[in-house]
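Every number here is computed from the coordinates shown, using simple stated rules; none is lab data. As the structure is a prediction and not an experimental result, all values here were calculated from the model. Backbone-built Cβ (ideal geometry, glycine too); neighbour counts: all protein chains shown.
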Amino acid sequence: MVDEDTLSSVLSDFARTLITDFPIQGILDHLVERIVDVLAVTAAGVTLISPGMAPHYVAASDADALDFERLQTQLGQGPCLVAYQTGEAVSVPDMRRDDRFPEFAPAALAAGMGAVFAFPLRHGDGRLGALDLYRDTPGVLDPRDMAAAQTLADVAAAYLLNAQARQEALEISDRFRTSALHDALTGLPNRVLLQQRLEHAAQRAHRSHSQAAVLFADLDRFKWVNDTYGHPFGDELLIAVARRLSAVVRPGDTLARVSGDEFVILCEDLAHVSDVVSLARRVDEAFAQPFDLAGTQVAMTVSVGIAYSGPGETVTDQLITHADLAMYQAKRLGGATHHVIDLRGASSAGDRNRLDRDLRSAMAGGHLDLAYQPIVRTADGALVGAEALLRWTHPTHGAVPALTTVSIAEQNGLISGIGAWVLERSCRDRGRWLAAHPGQPLDVSVNISVRQLMSAGFATTVAKILDATRMDPAALVLELTEGVFIEDGNRATSVLADLKGMGVRLALDDFGSGYCSLGYLRRFPVDTIKIDQGFVADIGHDPSGAAIVAAVSNLAHVLGLTVTAEGIETEQQHDAVAGIGCEHAQGFLYSHPVPASSILALLRTGLDFSVPRPGLTGEHAPQGTGQQRAAVEEDLGAA
Ligand code: C2E
Ligand code: MG
Ligand code: MG
């Protein structure tokens, strides 16, 4: 029989242990364990009951008691259930003589049980479950033990209620946190969680001088998939992509879906920058096999931009912006590729937001300029054209790479304005060259970015500029990259048809650097392809270099297109592309990009590149004879 002291010591022990955030199961375990210590019983068990559901929580002091608890629930019969239902204690002092539980009793007797006493776990008018005390010999339980058991059951119930409330609150906040921080479609972390992880990475990098990197991946032609197969299919595809990407990230990296078809991988604690490059390769490989969605096969490619911070350098969300920027460059090249942008210097010197602001004022304040790179006829080295290249000299950063300027402008919406300015300036400069040298009409090539071509009213703008500058449309070459075709091929086709209608010529720039589908050449009305300087650079190093240039060039000729080889730096490369039959070429061998006035000088003297001039490098140091150089310097002085 339990005495007052023992009971109060059990209760205070209960209180001490359970007052904090003991979980539900812990409370039940503690209850059954303590109760067999203080009462004259063989075993104890407890079951929490939720109507209509299998019990979640069961505890017992030994294996037999656990079986008895389960058995009662399975049979839907037993003292435990009666105590739960009635809210009253149930005594079965002699199992052999009790007929209330015809199915439970034989099983209990067979297992050697003599008596059971069940106590409801009460709270107000309701019940949470019941506590069972088991004894192997028949006989009543002392009334004071009965009272003590009910007291312990009631106290346990009070703690259980608390624990349940705590658990529910936790589940709700968990659910809330999960939905606020995860993307509903793929279950991946969303932009908010990515931001948090980035802040975390920033703190870590600060402490440990480690590096971090961000990979920004954007699916190519996702819009086309949505338009062709419908949005539910597009959703399935995104889920499948998320699954494949999840399989390639390293443990500890964060893979997030930040919008429609854009995924970001944040790599913290990079030992080496090469880790990111191999991750990028794994991302590429993840897209090697087509996706099979309910029997429909779709081949997808992805454009990836990568940016990383230097060791110990401040990691900020600029890293994502930079990776995004790099991704745009991958897109610009036609997608299906990755591009690493190393803006580590730029990111510490000044952030991109500032570049963004400064570009607006550069545009308004007339701080943008153009350089022209001569294009020569390979057969005789004659100057036949010039490509306009955007130049922005930032007051503190100095020369900003053209690609950086263009991608900032593409993202902040300045591209149409800047592009129109480039086009008009080029047409006017060409007009001046022609006025000075009427016998030597030059073609002028102008680069057009994807956003610019797709922007509303682009063809109309071109028509107006041609008109205002009295430019011969046939002398204007618009250079496009394959990126134009991967986003929205239909729209591209119609804009290009409008441009062709005006008599303008079209060139496919950097051919071969991206997705490189020869199909584009047949579908889109281009006149010229410009073979990417990457292939030309291989000539002389890699035996396949010249072979690829020859293959592409032959194919273009079969289709009736002319070929320009880019990035000619050596005489060997010149000889190779001339031998292959590329009509035109440009590169540092002939001339670096030069100011408009230098083109006038070159028209006067002609280009002579047969004597490469070592030591004369840099943008404003054209190659050529001493006579040419003098003429150019004279022009530069005059400008
Ligand atoms: P691009 O149209 O392929 O222009 C050729 C780029 O290669 C130029 O870089 C030029 O300076 C460089 N280059 C020329 N010859 C050689 C050579 O022999 N060796 C090497 N290594 N490089 C050579 P730049 O000026 O930095 O322009 C980069 C890209 O930026 C251009 O590639 C073009 O896609 C884009 N871009 C330039 N200006 C404009 C513009 O006004 N509008 C648009 N949308 N894009 C522009
Ligand atoms: Mg170009
Ligand atoms: Mg090019």
Need the C-alpha centroid separation for the range 95-165 versus the range 567-592, integer Å. 95 Å
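Between ASP13 and ARG96, what FRET efficiency follows from the Cβ-Cβ distance if R0 is 45 Å, with the result rounded to 0.05?
For ASP13 and ARG96, the calculated efficiency is 0.80.
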Interchain or sequence-distant (5+) residues whose placed amide H lies within less than 5 Å of the amide H of HIS394 are ALA399, VAL400
If amide hydrogens are placed 1.01 Å from N in the peptide plane, which non-local residues have theirs closer than 5 Å to the one on SER445? ALA386, GLU387, ALA388, VAL477
Partners for LYS223 among lysines (Cα-Cα distance below 19 Å; same-chain residues under 8 apart left out): LYS331
If Rh is defined by the Kirkwood formula over all Cα pairs and Rg also comes from Cα, what ratio Rg/Rh do you get for the range 366-638? 0.94
So for the pair HIS367, ASP380, with labels modelled 7 Å out along Cα→Cβ, what separation do we get in nm? 4.5 nm
5 Å-binned pair-distance histogram of the range 378-481 (Cα, whole percent): 2, 11, 21, 22, 17, 13, 9, 4, 0
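Just rank SER591, SER274, fewest to most, by other beta-carbon atoms within 10 angstrom.
SER274, SER591
Report relative contact order for the chain in percent, whole number only (criteria: Cα-Cα under 8 Å, sequence separation at least 6).
On the way: 1152 pairs, mean separation 52.1, N = 639.
So the answer I get is 8 percent.
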How much of the DSSP bridge set in the chain is antiparallel, in percent, rounded to the nearest 5? 70 percent
Length gained if HIS56 through ASP154 is fully extended, taking 0.36 nm per residue and subtracting the Cα-Cα distance, is 33.3 nm
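To the nearest 0.05, how large is the calculated FRET efficiency for ALA547 and GLU285 if R₀ is 35 Å and r is the Cβ-Cβ distance?
Details: r = 26 Å, r/R0 = 0.74.
Rounded to the nearest 0.05, the efficiency is 0.85.
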For all pairs of alpha-carbon atoms in the range 253-319, what percent lies in each bin of width 5 Å, listed from the first bin to the last filled one? 4, 12, 21, 23, 17, 10, 6, 4, 2, 1
Run lengths n ≥ 4 of DSSP H only: what is the helix-derived mean residue ellipticity at 222 nm for the chain, with -39500 (n - 2.57) per run over all residues, to the nearest 500? -15500 deg cm²/dmol
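Can you give the alpha-carbon Rg of the range 23-93 over 2.2 N^0.38 Å, where N counts its residues?
Relative to the 2.2 N^0.38 Å estimate, the range 23-93 comes out at 1.07.
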For labels at GLU33 and ALA63 in the simple 7 Å Cα→Cβ model, what's the distance in nm? 2.0 nm
Label model pair ASP498, ARG144: point-to-point distance (7 angstrom along the Cα→beta-carbon line) in nm is 9.9 nm
Could you give the length gained by full extension between ARG360 and ALA107, i.e. 0.36 nm per residue of separation minus their alpha carbon distance, to one decimal place? 82.5 nm
Subtracting the Cα-Cα distance of ARG432 and TYR229 from 0.36 nm times their residue separation yields 67.9 nm
Over the range 191-341, one equal point on each Cα, no solvent: what is log10 I(q)/I(0) by the Debye formula at q = 0.15, 0.19, 0.21 Å⁻¹? -0.72, -1.10, -1.30
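Take the Cβ-Cβ distance between THR86 and LEU185 as r, set R0 to 41 Å, and report the resulting FRET efficiency rounded to the nearest 0.05.
Working: r = 50 Å, r/R0 = 1.21.
It comes out at approximately 0.25.
So what is the diffusion coefficient of the chain in µm² per second by Stokes-Einstein at 25 °C and 0.890 mPa s, using a Kirkwood Rh over Cα pairs?
In µm²/s, the coefficient rounds to 80.
Could you list VAL140, VAL32 in order of exposure, starting from the residue whose Cβ has the fewest other Cβ atoms within 10 Å?
On the way: VAL140 12, VAL32 24.
The order, fewest Cβ neighbours first, is VAL140, VAL32.
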Shape metrics for the range 4-178, restricted to C-alpha atoms - Rg then Dmax, Å: 16.0, 56
Counting other beta carbons within 10 Å of each Cβ, put LEU185, LEU198 in order, fewest first. LEU185, LEU198
